[in-house]
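Here the structure is laid out as structure tokens; the discussion comes afterwards.
Here, each number is a calculation from the coordinates, and none is a lab measurement. Since this is a predicted model, take the numbers as computed values, not measurements. Cβ atoms come from the backbone with ideal geometry, glycine included; neighbour counts cover every protein chain shown.
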Amino acid sequence: MPATLTHARRGRYTPPVSPKRITSAIYAVFTVLAASFVISSTYQIGVGVFTAPDPAGAPPTAKPAPACVSGVRTLAIAVDRGVAAAAGATDTAEAERRYRAARSPEWDEAKQRELVEPCAGDPLGADAVAAVSRLDRAAEGAIRHQTDELGPVRRAVDSFIR
């Protein structure tokens, strides 16, 4: 019997494959799979980071209807007015009272509903209303934070000048 066809001593009927070739093949397959995963992940992250979000399927330059924009702008101006009014307060409760009083005409429940009503049928209207609501909550939080930090210092200064 030829030695290349039969390995009677070991009970094998095919030529042996060196373990080094098997290990190399496994590493090659693993490397190709790992590289594919890394490249795919990098591409997906790059697309997510470098492309603008597409709210409700609209192009990035789309805006809500002019009536909706006008109502949201009015509410945002009222928030800015409230922040300015609360700036000099030394007490948190007083700052919140000033803020709410200054933004009050537009942010009263009935007037606010009237201002955001044109946004109801607009695909971007809900996002616009949500954005101005977040602005209002953030402004109130900032006023509280600012008053908590600056209030004691402002009172100390006022004790010398009043």
Output ³J(HN,Hα) for the stretch 118-129: one whole-Hz value per residue in order, computed from phi by the Karplus curve 6.51 cos²θ - 1.76 cosθ + 1.60 with θ = phi - 60°, and x for Gly and Pro. x, 7, 4, x, 8, x, 9, x, 4, 5, 5, 5
The stretch 56-161: relative contact order in percent, alpha carbon pairs under 8 Å with at least 6 residues between: 37 percent
Packing rank of 67-74, 147-154, where each peptide gets the mean count of other beta carbons within 10 Å, highest leading: 67-74, 147-154
Likely footprinting exposure, 161, 26, fewest C-beta neighbours within 10 Å first: 161, 26
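Among rounded, prolate and oblate, which fits the stretch 42-150 when a ≥ b ≥ c are the square roots of the eigenvalues of its C-alpha gyration tensor, a/c under 1.5 means rounded, and a/b larger than b/c means prolate? Can you show the working numbers first?
On the way: a/c = 3.67, a/b = 1.50, b/c = 2.45.
It comes out oblate by the Cα gyration axes.
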For labels at residue 84 and residue 32 in the simple 7 Å Cα→Cβ model, what's the distance in nm? 6.8 nm
